[in-house]
1. So how far, in whole Å, is the C-alpha centre of the stretch B:339-355 from the one of the stretch B:211-267?
2. Amide H neighbours of residue B:474 under 5 Å, counting only residues 5+ apart in sequence or on other chains, H built in-plane at 1.01 Å?
3. For the protein assembly as shown, give the percent of accessible area contributed by carbon and sulfur heavy atoms, probe 1.4 Å, rounded to a whole number.
4. Rounding to the nearest 20 debye, state how big the charge dipole of the stretch A:9-83 is about its Cα centre with +1 on each Lys and Arg Cβ and -1 on each Asp and Glu Cβ.
5. Which listed residue (B:72, B:118, B:391) has the Cα farthest towards the positive end of the charge dipole for chain B, taking +1 on Lys and Arg C-beta and -1 on Asp and Glu C-beta about the Cα centre?
6. Tell me the angle of helix B:458-473 to the major Cα principal axis of chain B, expressed in degrees between 0 and 90 and rounded to the nearest ten.
7. Would you please name the trypsin sites (Lys or Arg not before Pro) within the stretch B:144-206 that are DSSP coil residues with at most 13 other C-beta atoms within 10 Å of their C-beta?
8. Given a 1.4 Å probe, show me the residues in the stretch B:513-550 buried by at least 20 Å² of accessible surface when comparing the whole protein assembly to the chain alone.
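The values are calculated or read from the model by the stated rules, or taken from the named source; none is laboratory data. The structure presented is a predicted model; accordingly, all values stated were derived computationally and were not measured. Positions of Cβ are backbone-derived with ideal geometry, glycine not excepted, and every protein chain shown enters the neighbour counts. Calculation scope for accessible area: heavy atoms of the full protein, side chains included, ligands and nucleic acids excluded. Shrake-Rupley method; radii C 1.70, N 1.55, O 1.52, S 1.80 Å.
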Amino acid sequence: MVRKKLNRKEMIFIFFCTCIFVLILTFYIWHLIESIRVGYDASSLTIELQELKERVEKLETQKAKLLALERVERIAEEKLNLEKPRKEQIFHFAEKSISDGKSL
Amino acid sequence: MSLIFERRIKKRTIILSIFFSLWTIGLILRLIQLQIFQHARLKQEVIEHNQRIDKILPKRGTIYDRNGIILVRSIPYPSIFFTSFGEDVKKLSGKELNLIDRILDLDTHDLKRIKKQISNNDSFIWIERKVDPKMADQISALKLEGIHNLEENKRFYPQGKLAAHVLGTVNIDNQGVCGIERSCNEILEGKIGKRLILSDAKRRKYRLEIIQKPVAGRNIVLTLDETIQYITEKELEHAMLKTKAKWGTVIVSHPSNGEILAMANYPTRNPNLLPPSSLDLNRNQAIHFLFEPGSTFKIVTASAAIESRKIGLNEIFDCSRGAISLDKITYHDHSSFEKLSFPEVIIHSSNVGTIQVGQRLGEELISETIHNFRFGKQTGIQLPAEEKGKIRPIEQWSKYSVSSLSIGYEISTTALQMLQALNVIANKGVYYPPNIIKSIEGSSPKTSTTSPKRIISEETARILTGILEEAVEQGTGILSRIDDYKIAGKTGTAQKFDPELNTYSSQVHTSSFMGFVPSQDPVLSIIVVIDDPQGEFYGGTVAAPVFREIAREALRYLNIPGRRIMPERVITAKIQSQESS
């Protein structure tokens with residue numbers, strides 16, 4: 001059994017084919033890895049977005065709690081020594097009609 | 001040499017071929033075993049390891065006041081549980097439970113339950129649901145086997161006890177128990193969703209796929225105004241502490257569209273804290289508690305008299321005896337009067353005079369007017385378990401019924417029903433159903449099913465408004481007066497029926513006052529009901545001042561000018577906001 005020697009042209013062809021195969025394989029693997037990486041990033045961003053939304057809601061709720069009128073009145077009276085205005089200190093503008101009042 | 005070499009090569013080739021053939025056959029057999037015979041089991045294992053379907057809990061809708069202030073919102077809170085399912089954990093030890101208890105401070109009832117579940121070898125045990133996130137972090141730091149956190153939504157009431165009875169509460173599974181939380185449970189709760197989570201060998205999530213989108217609960221905007229609600233609750237609490245009464249309720253509404261601006265009850269509770277010891281604390285007295293209204297009901301008798309024209313405005317009624325007897329029953333006046341005209345009968349709230357008016361009107365007319373004002377029917381407000389009141393059918397009336405009904409006895413109503421009747425007069429004879437929901441996210445703004453309806457003529461309403469104005473200016477409601485505003489109102493003081501003595505008690509009363517302001521173009525209508533006040537008990541002295549304080553502050557807040565207007569020479573200043581500067 002005598003092995004047939006490859007000529008230069010054939011060797012170049014085989015080398016070229018191997019290179020193309022390796023390149024395609026490398027691209028395919030890179031593509032897969034990138035897809036998975038993007039998947040990780042997307043899911044972590046989705047979770048982060050959700051967490052941020054929840055945080056915004058928590059902060060809004062906290063704001064509502066801090067601005068609760070009972071608390072505001074207590075601080076105004078006890079810490080800032082504010083008092084309710086006396087009758088003669090309040091003026092309503094004549095041109096203001098009833099319908100201009102708060103959204104009733 | 002070459003022959004020997006060739007043989008060796010041949011031999012090696014055969015050995016290698018056999019080896020590779022066997023290896024290939026082995027590989028194929030193994031593949032057949034895995035792919036065919038064990039396919040189902042292995043596929044399941046892979047799915048269990050890499051894929052998980054999670055429930056996505058919908059966020060319960062937020063409830064706002066009319067100005068967009070948050071009254072209730074769901075916030076994620078961790079729930080702590082133990083599970084031995086799918087893990088190499090046998091059971092929770094007593095030592096581990098003690099460590100958890102030190103952080104969570106579990107109550108004895110919960111500890112007993114957990115210990116019982118441990119002894120039953122339950123694979124899933126709730127340790128505590130919806131705990132403080134800091135506590136949950138402390139427990140996670142212990143790294144106990146089988147102990148995990150699950151995020152659930154907890155209802156949070158940022159304003160504390162404000163409007164507690166209107167808003168209601170939910171149970172641990174976020175189902176509405178009372179108040180708006182219950183009546184609008186279907187709107188608020190939303191629908192559960194599902195998501196597929198793909199994880200790698202290290203259980204890191206690399207793909208989230210929503211299989212079924214959760215439908216978040218819809219937000220609700222109430223007609224309540226946070227500031228008016230606060231003013232109302234504060235003034236009611238003040239009055240309740242002063243009078244040491246059993247319970248009290250106040251409703252503030254906008255008569256021209258029936259919108260409820262405030263609905264307060266006392267005693268009250270903070271829904272953020274533990275459930276109340278008594279279920280009564282969950283009840284909204286404004287729509288649950290029935291009481292005999294007494295003199296405030298005289299507006300119905302007066303309406304019937306004016307509308308039917310059976311009584312002239314200048315007619316005189318003799319009230320000089322101070323009492324009127326019908327067989328066994330004697331009705332008394334709260335003070336002595338001489339002869340009173342029809343308007344004066346109402347202004348001074350004379351029982352003797354009003355009974356004479358009622359007797360002149362007759363059963364049919366009184367009954368018809370009571371039903372026209374929608375007593376004995378639910379108002380249809382969007383709150384659960386509203387009482388419809390009690391009024392006997394005309395066939396069952398006794399010979400005393402006309403007299404009793406004329407002055408507000410033999411009929412039980414809710415505070416809301418009384419305010420609804422007053423609003424008819426305030427609204428120039430037109431009935432608007434009371435309404436507490438301003439809008440629901442994703443729905444058309446109109447939520448009420450009942451349309452406006454004329455109950456009495458505009459003329460009757462105008463005359464009655466004038467009489468009620470005088471009741472405040474010079475009658476029993478004088479303590480409700482506010483200097484710059486004209487108020488129309490009526491007091492009520494009803495003796496309570498004592499079932500043990502089978503008679504009306506002279507010691508226990510329900511005091512009330514209801515009115516609207518400014519009387520000619522009403523912006524606010526208010527009813528104050530205080531049950532069993534100690535000491536002073538007249539509606540004019542107990543309930544009218546509460547009305548006055550609420551009305552005064554609410555009108556100031558709403559910037560409703562009174563009769564006094566801005567003087568000409570006044571220098572005004574305006575603070576510029578940062579944005580505009």
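1. Taking the Cα centre of each part, the stretch B:339-355 and the stretch B:211-267 sit 35 Å apart.
2. Residues meeting the criterion, in which the H sits 1.01 Å from N, do not exist here.
3. Details: 21890 of 39200 Å².
Here it works out to 56 percent.
4. On the way: 10 positive and 13 negative charges, 59 e Å.
Computed charge dipole of the stretch A:9-83: roughly 280 debye.
5. B:118
6. The answer is roughly 80 degrees.
7. When the trypsin sites (Lys or Arg not before Pro) of the stretch B:144-206 are filtered for loop state and at most 13 Cβ neighbours within 10 Å, B:202, B:203, B:204 remain.
8. Residues shielded by partner chains are B:521, B:523.
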